[in-house]
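Heads up: the structure comes next, in structure tokens.
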Amino acid sequence: MTGTIPFCDETACARAGCTATVCRGAGMPSNQQFFDRSARVIPGGVNSSIRAFKAVGGTPYVVSRAQGAFVYDVEGNELIDLVQSYGAIILGHAHPKVTEAIRTAAGDGTSYGAPTPREMKLAEAISERVPSCERVRFMNSGTEATSTAVRLARGATGRKRIVTFHGNFHGATDALLAAGGSGVATLGLPGTAGVPDEAVANTWVLPYNVVPTLDNDVAAVFVEPVAANMGLVAPAAGFLEGLRAECDRVGALLVFDEVITGFRLGTGGAQAKYDVRPDLTCFGKVIGGGLPIGAVGGRRDIMENLTPLGSVFHAGTLAGNPLATAAGLAALNELNADVYMELMARARRASALLRDACVDAGIAAQFPVVGTLVGMYFGDALHRAPTNFEEAKTTNESLYAQVFHALLSGGVALAPGAYEAVFVGLSHTDAVLDQLADRVATALKGIAR
Ligand SMILES: *Cc1c(COP(=O)(O)O)cnc(C)c1O
């Protein structure tokens, strides 16, 4: 292992002449110490809520660096990483092509406030691979993509109503942070403090996998075409086609939130896999190669409602950022049909090894696979993969917390929440999956009843 040790006590360590590559010194601050120090200046010690271990208990591991399938915490522990930045990383951490692209771009300056060839090339790459995206506009996160798509859909249609589905996640933007109450067609209620009723008064939250009957005040239907934020829920046969037909019937726009599925399920995303063409698509995660990015792509006539051509405002100081677009393009250039075939095989193997280890340990669990994505469901309330949020919510969260901590102690990092996907990428080679199988089997034996 090579590289620097960014988080030891540099002054003291240098004085002591330490040249170790992994710091195990007595004076080395622990995860706990780093986290406590962060929490004194960052609320809850995290910059994205799910990273806190609130759902599973305990203290987060604090990452000092990552390479391929592995992350290393500040204590020098090596973890096989199944988080992969919640899906932003698909080639593995610090992939040489991506790292090189970022280095080169950084040498040319990091942001100009003017158009660049790099953003043009990434837009072309997306448009070539995803035919529904005749035009592409970049921003800095998936959240910005979905919030821009909301404004664009409303501006383009002159309508207010937005339809979303229970258990789908579209980022931290007010109009899409509605929590439906009970009932079939519920008026949105704020899903978090700080969102006024008015902000979600025009958001309807409906059950996933049921095609709703819409009326002609609906501007857009937002959907995760494969739901990957409530465990992993595949679209039921006919669901996406039904949404397409119903949107066409009432003149509403169909918006696919492919922030996770885009360039992860395959070159053309979920829309190619299920052969349903949305009007607009939101991207993030993979298209930035691990740097901050978001994009909205879609039909030319709709996209041209955005300023400066149309009247729907969009702007961003760092939008189309040279580093992010360079990293994203480098990542997309590594991804082709063969790679996705390989990733599917690895997803199946990861699912199988997790299932086998759970069976051996007497733990009831499901690890559904959709293409290259793997989900988790714990407990015996269901004996198959969930098909909607009601079912997904019956997962045994306390059992998940036990499994999570057993795996973390055994050198495997899952996301600290029972509803997240398991991310397997190009760096999870057969050798890594062998190692994963060993670690998981050993770790879960420890909690077998
Ligand atoms: C992660 C995610 C978002 C939000 O993207 P950020 O870059 O975190 O803002 C939106 N939609 C889906 C489906 C996501 O998984």
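Taken over the range 23-53, residues that are farther than 30 Å from Pro96 by Cβ and without any contact (Cβ under 8 Å) to a residue 12 or more places away in the chain amount to 11.
Within the range 75-103, the set of residues being in a helix (DSSP H, G or I) and more than 16 Å from the ligand (Cβ to nearest atom) comprises Pro96, Lys97, Val98, Thr99, Glu100, Ala101, Ile102, Arg103. Look at Thr164 and say whether it is within 15 Å of the ligand (Cβ to nearest atom) and part of a helix (DSSP H, G or I). Judged against the criteria, Thr164 is not a match. Only one entry of Tyr112, Tyr72, Tyr61 meets the criterion of being touching a Ser or Thr at 6+ places or on another chain (Cβ under 9 Å), away from the ligand (no atom under 16 Å from the Cβ) and not in a helix (DSSP H, G or I), and that entry is Tyr72. Just to be sure before I move on: is Ala431 touching an Asp or Glu at 6+ places or on another chain (Cβ under 9 Å), closer than 28 Å to Pro96 by Cα and not in a loop (DSSP other than H, G, I, E, B) in the structure I sent? No; evaluated as a whole, the condition is false for this residue. Residue pairs whose Cβ atoms lie under 9 Å apart, separated by 6 or more positions or on different chains, with the first residue in the range 313-324 and closer than 11 Å to Pro115 by Cα and the second aromatic (Phe, Trp, Tyr) and crowded, with 20+ Cβ neighbours inside 10 Å, are Ala319/Phe138; Gly320/Phe138; Asn321/Phe138. The set of residues from the range 288-322 being hydrophobic (A, V, I, L, M, F, W, C) and within 16 Å of the ligand (Cβ to nearest atom) comprises Leu291, Ile293, Ala295, Val296, Leu318, Ala319.
Val130 falls short on exactly one of the conditions (1) closer than 30 Å to Glu390 by Cα; (2) among the β-branched types (Val, Ile, Thr); (3) surrounded by 22 or more Cβ atoms within 10 Å (Cβ to Cβ), and that condition is (1).
Read-outs throughout are calculated quantities, based only on the coordinates presented, and are distinct from any laboratory measurement. Just so it is clear, the model here is predicted, and its values are computed rather than measured. Cβ coordinates were reconstructed from backbone atoms using ideal geometry, including for glycine residues, and neighbour counts include every protein chain displayed.
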